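Computed from the coordinates by the stated procedures, all read-outs in this text should not be read as laboratory data. Quick caveat, the model's predicted, so the values are computed rather than measured. Virtual Cβ from ideal backbone geometry, glycine too; neighbours counted across all protein chains shown.
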Amino acid sequence: MPGVKGNIIIRNAAELVTCSGFEAKKGRAMSDLGIIRDGAVVIEKGFITRVGKTDDVLAGFNPSGFAVIDASDKAVLPGFVDSHTHFLFGGFRAEEFSWRLKGMSYMEIMSRGGGIASTVEATRKARPHELMTLGRRRLDSMLAFGVTTVEGKSGYGLDAQCEVKQLEVMGNLDAIHPVDIARTFLGAHAVPEACRHNPDSFIDYLMGEVLPTVAERKLAEFCDVFCEKGVFSVDQSRRLLQKALSLGLEVKVHADEMTQLGGAELAAELKALSADHLLHASHEGIRQMAEAGVVATLLPGTAFSLKEPYAPARVMIDEGCPVALATDFNPGSCFSESVPLMFALATLYMGMTPEEAVTAFTINGAAAIGRADRIGSLDVGKMGDAVLLEFPSYLFIPYHIGVNSVEKVVKKGEIVIDRSSGIEG
Ligand code: NIG
Ligand code: FE
């Protein structure tokens, strides 16, 4: 029976994986998924109002006006939070991928004017409605993987006009698409050709002309920077991020991705919301991040695609860093929005347990975008975002390597994806 908008009961889940919590989890807490067997969740007007054993939750509850999903033999989890992507871009770089297969490195391609610069050219040319169409299709694909909230970065404009265009299009996509979008200003993603001999002048331009507009028009919640040898130094990154903080944005850092530059230490110093990549982060930097409560957002698909060593997830978790996992979906270093692929890589190659990976893609992903109070777990008061697997346990996510095990997706109490055959029993 169809219910009132945003009203739904999911009952008799073999495993209700609540991931219960309202803040980032670290250390051993990352292994506690708060599983309820034969569990149920009630969502009313888009928000969770009851969670527990099916018998307890539904005792004396009047289900009229509610759609009902019978989740027998299925696992139910919070909607996934993909907390690091560059999903809005024009053009593709398939050819570059083939050059990398022949041995050219990502940074070599970038230093020859390819890489991010080529996507900037295509994104500048793209009209807003073309970006809308591309973005919509990509969000559809993410939603089918169970992603109910995504972080999206600008950074393929590198000038006020195109950076604003990217952020505006993401705002418009947020308004029309079920997937919620948290926007990040990444104007400092690459040094434009014209500033190549004076990158400081580009930082000055971003600080003086672009960031104030972004902050004033509330086009982004976060400011990020590609802090990397040959891109932006630690000092340049610090200058930009301090300005962003002064304008009321929270900050993130693309840190220690290709080289050990001190990005992790900078993130700790500025109390960034997250430091991301961290393939080459120093042990001291990791310790400082743990101390400062910075979320370590790890992107296994990028290490895989670039054939770089994986980030030391085990050290980070053992040192007390809250770890999040995300896809880094972008046209260059990781052209993949596959959530199950990231689960497989994190568990097989980064030493993370399936439980830690689930925490990293839910409540810790939410914490990486400052929304752990609103999403990322099945707790009373949170948004009614859930995924239902075709299998009885979350263990199938990494085990079913790279293949989508999500059968249904519920966003704000509405079924927005249903991949079931319709044949039951
Ligand atoms: O997260 N490192 C910088 N930015 C992206 C790649 C963007 C691109 O290649 O287009 C990343 O890997
Ligand atoms: Fe990235």
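Distance from the Cα centroid of the range 244-282 to that of the range 61-80 is 39 Å (rounded to whole angstrom). Stretched out straight at 0.36 nm per residue, the stretch from Ser64 to Asp200 would grow longer than its current Cα-Cα span by 42.7 nm. Dipole magnitude for the range 352-409: computed about the Cα centre from +1 point charges on Lys and Arg Cβ and -1 point charges on Asp and Glu Cβ, it is near 180 debye.
Stretching Lys125 away from Leu395 to a fully extended chain increases their span by 92.8 nm, per 0.36 nm per residue minus the current alpha-carbon distance. Sites listed here are chymotrypsin sites (Phe, Trp or Tyr not before Pro) in the range 17-115 whose DSSP assignment is loop and whose Cβ has at most 14 other Cβ atoms within 10 Å: Phe61, Phe92.
Ellipsoid fit via the Cα gyration tensor, the range 200-255: semi-axes of 18, 12, 8 Å, each the root of five times an eigenvalue, largest first. Report the one residue of Ile369, Leu247, Gly157 whose Cα lies farthest in the direction of the positive end of the charge dipole of the chain (charges on C-beta: Lys and Arg +1, Asp and Glu -1; origin at the Cα centre). About the Cα centre, the residue reaching furthest to the positive side is Gly157.
Panel note: the C-alpha atoms of the range 1-106, placed on their principal axes, show extents of 65, 37, 27 Å (largest first). With the convex hull constructed from alpha-carbon coordinates only, the chain shows a mean projected area of 19.3 nm² over all directions.
Structural descriptor for the range 41-171: relative contact order 30 percent, calculated from alpha carbon pairs under 8 angstrom and at least 6 residues apart. Could you tell me which of rounded, prolate or oblate describes the range 198-294, using a ≥ b ≥ c as the square roots of the eigenvalues of the alpha-carbon gyration tensor, with rounded for a/c under 1.5 and, failing that, prolate when a/b is larger than b/c and oblate otherwise? Oblate. In the elastic network of the chain, a GNM with C-alpha springs shorter than 10 Å, the most mobile of Ser105, Ser282, Ser31 is Ser105. A simple charge model with +1 on the Cβ of Lys and Arg, -1 on the Cβ of Asp and Glu and nothing else charged puts the dipole of the range 228-310 at about 180 debye relative to its Cα centre. Going by how many other beta carbons lie within 10 Å of each one, how would you line up Ile69, Ile369, fewest first? Ascending number of Cβ neighbours within 10 Å: Ile69, Ile369. Between Glu216 and Trp99, full extension at 0.36 nm per residue minus the direct alpha carbon distance yields a gain of 38.0 nm.
Listed by chain and number, the lysines whose C-alpha is less than 30 Å from the C-alpha of Lys165, apart from same-chain residues fewer than 8 away, are Lys125, Lys153, Lys218, Lys229, Lys243, Lys252, Lys271, Lys411, Lys412. Rounded to the nearest 5, the antiparallel percentage of DSSP beta bridges internal to the chain is 45%. For the range 141-229, chymotrypsin sites (Phe, Trp or Tyr not before Pro) are listed when DSSP marks them as loop and at most 16 other Cβ atoms sit within 10 Å of their Cβ; the list is empty.
Between Ser336, Ser83, Ser377, the Gaussian network model of the chain with springs among Cα atoms under 10 angstrom shows the greatest mean-square fluctuation at Ser336.
Cβ crowding within 10 Å, taken as a proxy for footprinting-reagent exposure, orders Val251, Val68 from fewest neighbours to most as Val68, Val251.
Specify the residue with the greatest mean-square fluctuation among Lys243, Lys53, Lys307, computed from a Gaussian network of the chain linking alpha-carbon atoms under 10 Å apart. Ranking Lys243, Lys53, Lys307 by mean-square fluctuation puts Lys307 first.
Based on DSSP H segments of at least four residues, each scored -39500 (n - 2.57), the chain has a per-residue ellipticity at 222 nm of -10000 deg cm²/dmol.
Here the dipole of the chain is about 560 debye; that uses its Cα centre as origin and unit charges on the Cβ of Lys and Arg (positive) and Asp and Glu (negative). Spin-label model, Ser421/Asp235: points 7 Å from Cα along the beta carbon direction are separated by 6.5 nm. Neighbour counting of Cβ atoms within 10 Å sorts the residues Tyr310, Tyr349, fewest neighbours leading, into Tyr349, Tyr310.
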